[in-house]
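The next block holds one structure in the form of structure tokens; read it before the comments.
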Amino acid sequence: MDFQEVVSKLENYWKKQGCVILPPFDEQIGAGTLSPYTFLKVLGKKPWAAAYVQPSRRPADGRYGENPNRLYLHHQFQVIIKPPPIDIKDLYILSLKSLGLKLAKHETKFIEDNWETAILGAQGVGWEVRLDGLEITQFTYFQLAAGYDLKPVSVEITYGLERLVLFLQDKESVYDINWNEKVTYSDLRLDMEREECVYAFDESEPSKLFELFNIFESEGLRILEKGILMPGYQYLLKCSHIFNLLDSRGAISITERVNFISRMRKMASMAAKIVLEREGKDERLSV
Amino acid sequence: MRDFLCEIYTEEIPAKIVNDATTQFKNNFKEKLKNFRLHYSEIQGFGSSKRLVVFLKDVSEKEEDAFIEIKGPPLKISIDDSGGKLPPYSKFLESNELNEEDVSIKEVKGAKYIFGKKLLKGKEAKEILKEATLYALKEMHFPKSMRWEENNVEFIRPIRNILILFGNEVIDLTYAGVKSNNLTFGLFIDSPVQIKINSVNEYFPKIKENYIIISFGDRKKTIEQRSASLASSVKGIPDYNEEFLEEVANMNEYPTPFLCSLKLKDMKIPDCIVASVIKDQLKSFPIIDARSKKLIPYFISVRDGTSDFIEIVREGYQRVARARILDGNFFFEEDKKIPSENFVEKLSEVIFLKEVGTVKDKTDRLVKIAEFLSSELNFSNEKRENLKRACYLSKADLVSNVVREFPDLQGTMGGVYSKLWGENNEVSVAISEQYLPHFTDDSLPGSSTGKFLSLIDKIDTLAASFISGIEYSSSKDPFGLRRLGSGVVQIAFSTGLDRLPIEKLIDFSMDTFGNKAKKEENKKGEIISFIKDRTSAVLKEKGIRYDIANAVSCLHIDFIPTFLMRSEVIMAHLKDEKLEVISTTYKRIKNIIEKAKFNEIKVDEKLLFEKAENELYKVICESKGKIDEFIDSKDYEAVLSMLYIVEPAVRTFFDSVLVMDEDESFRYNRLSLLSNLRIIFESFADFSQLVFDNKAI
């Protein structure tokens, strides 16, 4: 099954479960959790159900396109539902069937795996899902965001699309994946992958990046202080990406790291506060 | 009489928690049922990754009736002299719903009172079982609970179904939004398999038919037996410990082990990377050659499910193993290009503890402590240099690519790299052993340099943690301080030394923190008493009775290396009458000296007046040198026999000489004699701690 086919099958499946299908949020994002469609929506009481592809940039994982499994940018398929349906685990497993998998011929196993995201003050409890030993999904019940106990909790399901497609196509290198019948992953991504790495590891200028971080941060804080949510939150996303670039360049010392994280955490908390204040006043669904 | 069964069906419980959760659930039931007079013949608990089960056999329909006696008003205000019933009497009857025939008169402390015998009707079993179920669920405690539904109930993982049957009757209750029923689920093969259970006796056979092995013991046995035979088919044995086996057995409801092969051709990948991928990532068992203990290119995985289509599952596991191992090898090749100095320098970018700096700072401290310890123990030049070098390189692997990918390989990879860097065998072996022991009864560093590196590292970490004010308790010890402390003790035991300058070592170690430790004067005492605490704990784990552990733990901390041997000698002589005698004698000596607040030891021979004190003085002089010699050569059997020989002279002394003589000079001289004796006894143990008459168990 082609990469693009997998995406559309998953979209279709979760559409039938009542999810809003969204285009990826248009910012450089490190993980599906940081997307405003997740972080800002798990706060508060209003129901929410969405699914979207999230291209995720993790500069430190980049290998100039030379490693068959490690990527500067990979694709997550993110499902986020609040409150979680009672049969959500079965719903998830059955989603694999929609990809043409005959479950009786395979093994799915849920192995304890909890996560924390320091800059978001977020915590989740759950599992990594293994398909015949291969980790294909993170399945998590979100417990905490911006330091708030989430009531109700949300469920977050993150499929690692490259891993999943490697499995379905029986390939050993991501670059051999068929995106569709004619185009491979390599055709689409290899040059970009190399260039991103060249920039991140060799050509980026830390002093410029530090400057950018400061500018984005101060503008973000200024906007968030005025209670303007989305433009302000987007500056946090920019900061987070700049931080990741600096980190992959080895330009951040330990003391600075703690400091940077708490600066971003502050922006995240301000954004969360705006979301919660608005919820009190606004009766519409959070969509 | 009916059987009772409750099954809590959940999403996957973390494998390491399953057994504890099973026990808690059963014990909570048991505890609650103790409050009732409800009879049952047996209680059993079962657990797996998806369910916790309690089964009660032959439960009565009702709680037994019982009578209680209620004290009423005094007789004189209840019944008058002519036998007439007064108002307090009838009020008492009325308010307690009693009849005339339930009443009796009893005397309490000389006064007569009215008493009523009241019938307590037994509750229905159904009600009690419902109460017990709710109690058992609410009173479960986990290291990390979660919430998932609107009532915000906390549990280890979401509860998705509750089956409660009393015979063939469902006991109704709702917990965490789930209403009880008589349904359960079998192995998920292609879709959820719902099973209806009509009565308790159907439960076990029906879930078995649906591929659920509910007993941990059965799952474990299946895995053990099958794995052994699969491994022997390729002339090897599976490599796992008990803890890991337990984890795997609780990760699968229907475990089916299968053999996988590693197709790595002739690549030179360190065994530890291969083993780590197999164990930690794939939760599978490496296979080793029975003789050489070296890995052979196979491993055993366990499928949660039947053997149908197992070749497809095998293909998947093999592919993941291969990809991860190649990945690890890629990092290994990268690391090989980096010189050791670069690794060590990079440690200054890794924080050790926020309050006390980086791992590089720690490395520098370790080298200083190594220097100090080497002079204290008169190490040869070669030994000193080896230890310092091992300390210097000990943490280098923490910034290697491989350890970042495989954190469990810290130390082990250090050993591999240091060989590549051309370090000698003593140094590289020491580095690979530095984190041992990981738990009680884990293997200890085998090399001498490894032992001292491990000891120095642990003492430094303890000092750093105490200075940073890190808290620990029996339930919460996030930094594993207690494990580190036990490690110090176990290593001390294994040195074979007669003493180890632990106090000075702690002192010196605190000094290496410079000003940070200055304000923390009292921390040194805390560390010493912490290590002593751990000593008692380790001794107890090694089967030493608590009072004996206490008796040797009273000695100076520097004698820790000998504590186990001393304890074992006392343990072996517990049945000796003489042991109790010397304990009593020693107590007497100690009491007299402490009461007199006396601490001189100089005996003036000219003042030895009585025959018995002369005798005693002679015995002391003769035995003292010998006992010291035996202590130095750690011949504790001989020390004890010497004490047995000394003791009668002490008794004769007490029988015929008055210690607290009116004459001050006699008195002091006799007290000095006793002080000398006290020192002799205490060179072995504090015998006053021993408990006799089977009082200690």
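When region B:100-157 is filtered for residues that are among the charged types (D, E, K, R), buried (at least 17 other Cβ atoms within 10 Å of the Cβ) and closer than 19 Å to B:THR174 by Cβ, the ones remaining, listed by number, are B:LYS126, B:LYS130, B:ARG147, B:GLU149, B:ARG157.
For region B:295-350, the tally of residues that are in a strand (DSSP E or B) and either within 12 Å of another protein chain (Cβ to nearest Cβ) or over 14 Å from B:THR256 (Cα atoms) (or both) stands at 9. Of everything in region B:358-394 that is within 15 Å of B:ILE459 (Cβ to Cβ) and basic (Lys, Arg), the residue that is surrounded by the most Cβ atoms within 10 Å (Cβ to Cβ) is B:ARG365. Here are some residues: B:PHE25, B:PHE29. Which one is within 30 Å of A:THR108 (Cβ to Cβ) and either buried (at least 21 other Cβ atoms within 10 Å of the Cβ) or in contact with a Pro (Cβ under 8 Å, 6 or more places away or on another chain) (or both)? The conditions single out B:PHE25. When we screen A:GLN28, A:GLN78 for residues that are over 24 Å from A:GLU181 (Cα atoms), assigned to a loop (DSSP other than H, G, I, E, B) and under 13 Å from the mean Cα position of the chain (by Cα), the only hit is A:GLN28. Any chance region A:159-168 includes a residue that's surrounded by fewer than 16 Cβ atoms within 10 Å (Cβ to Cβ) and out of contact with any strand residue (DSSP E or B) (no Cβ under 9 Å at 6 or more places or on another chain)? So far as region A:159-168 goes, no, none of its residues is surrounded by fewer than 16 Cβ atoms within 10 Å (Cβ to Cβ) and out of contact with any strand residue (DSSP E or B) (no Cβ under 9 Å at 6 or more places or on another chain).
Count of region B:262-271 residues, restricted to those that are in contact with a strand residue (DSSP E or B) (Cβ under 6 Å, 6 or more places away or on another chain) and within 14 Å of chain A (Cβ to nearest Cβ), is 1.
Given the conditions (1) crowded, with 17+ Cβ neighbours inside 10 Å; (2) closer than 22 Å to B:ILE491 by Cβ, and given that B:PHE406 satisfies all but one, which numbered condition is not satisfied? It is condition (2) that B:PHE406 fails. Taking strands (runs of 3 or more DSSP E) as the structural unit, those lying wholly within region A:94-175 and holding at least 1 residues that are among the hydrophobic types (A, V, I, L, M, F, W, C), touching a residue at least 24 places away in the same chain (Cβ under 8 Å) and at the interface with chain B (Cβ under 8 Å from one of its Cβ atoms) correspond to A:108-112, A:122-131, A:134-145, A:148-160.
Considering only region B:605-624, how many residues are touching an Asp or Glu at 6+ places or on another chain (Cβ under 8 Å) and either polar (S, T, N, Q) or closer than 24 Å to B:PHE684 by Cα (or both)?
Qualifying residue count, region B:605-624: 1.
Check whether at least one residue in region B:497-505 is within 25 Å of the chain's Cα centre (by Cα) and modelled with pLDDT of 90 or more, and report yes or no. Scanning region B:497-505 turns up at least one residue that is within 25 Å of the chain's Cα centre (by Cα) and modelled with pLDDT of 90 or more. On inspection, B:LYS265 qualifies as more than 30 Å from B:THR22 (Cβ to Cβ) and not assigned by TED's automatic domain parsing to the domain that holds B:VAL54. When we screen A:LEU212, A:LEU224 for residues that are crowded, with 20+ Cβ neighbours inside 10 Å, of a type outside the set (Phe, Trp, Tyr) and touching a Lys or Arg at 6+ places or on another chain (Cβ under 9 Å), the only hit is A:LEU224.
Being under 21 Å from A:SER173 (Cβ atoms), within 14 Å of another protein chain (Cβ to nearest Cβ) and more than 33 Å from the chain's Cα centre (by Cα), is that true of even one residue in region B:272-294? No, region B:272-294 has no match at all. Taking the conditions (1) more than 39 Å from the chain's Cα centre (by Cα); (2) within 20 Å of B:LEU163 (Cβ to Cβ) in turn, B:ARG51 satisfies each one other than (1). Residues satisfying the criterion are absent from region B:77-90 (criterion: at pLDDT 90 or above, among the basic types (Lys, Arg) and either in a strand (DSSP E or B) or not assigned by TED's automatic domain parsing to the domain that holds B:ILE156 (or both)). If you check B:LYS337, B:LYS360, B:LYS388 for being under 25 Å from A:ASN69 (Cβ atoms), basic (Lys, Arg) and free of Cβ contacts under 8 Å to residues at least 40 places away in the same chain, only one passes: B:LYS337. Within region B:640-697, the set of residues being without any contact (Cβ under 8 Å) to a residue 40 or more places away in the chain and either among the small types (Gly, Ala, Ser) or buried (at least 18 other Cβ atoms within 10 Å of the Cβ) (or both) comprises B:SER641, B:MET642, B:VAL646, B:ALA649. Is there a residue being in contact with a helix residue (DSSP H, G or I) (Cβ under 6 Å, 6 or more places away or on another chain), modelled with pLDDT of 95 or more, buried (at least 18 other Cβ atoms within 10 Å of the Cβ) and β-branched (Val, Ile, Thr) anywhere in region B:191-212? Scanning region B:191-212 turns up at least one residue that is in contact with a helix residue (DSSP H, G or I) (Cβ under 6 Å, 6 or more places away or on another chain), modelled with pLDDT of 95 or more, buried (at least 18 other Cβ atoms within 10 Å of the Cβ) and β-branched (Val, Ile, Thr).
So if I check each of A:ILE88, A:ILE81, which one is touching a Ser or Thr at 6+ places or on another chain (Cβ under 9 Å), of a type in the set (Val, Ile, Thr), within 14 Å of chain B (Cβ to nearest Cβ) and in contact (Cβ under 8 Å) with a residue 24 or more places away in the chain?
The unique qualifying residue is A:ILE81.
B:GLU355 meets each of the listed conditions (1) crowded, with 19+ Cβ neighbours inside 10 Å; (2) within 14 Å of chain A (Cβ to nearest Cβ); (3) charged (D, E, K, R) apart from (1). Condition first: assigned by TED's automatic domain parsing to the domain that holds B:GLY186, in a strand (DSSP E or B) and within 22 Å of B:ARG37 (Cβ to Cβ). Can you find one or more residues in region B:94-116 that meet it? No, every residue in region B:94-116 fails to be assigned by TED's automatic domain parsing to the domain that holds B:GLY186, in a strand (DSSP E or B) and within 22 Å of B:ARG37 (Cβ to Cβ).
Against the condition of a type outside the set (A, V, I, L, M) and surrounded by 23 or more Cβ atoms within 10 Å (Cβ to Cβ), how does A:SER173 come out, does it pass? Considered against the rule, which asks whether it is of a type outside the set (A, V, I, L, M) and surrounded by 23 or more Cβ atoms within 10 Å (Cβ to Cβ), A:SER173 comes out as no.
The values are calculated or read from the model by the stated rules, or taken from the named source; none is laboratory data. What you see is a predicted model, and the numbers here were worked out from it, not measured in a lab. Don't worry about glycine lacking a Cβ; one is built from the backbone with ideal geometry, like all the others, and counts go over all protein chains shown.
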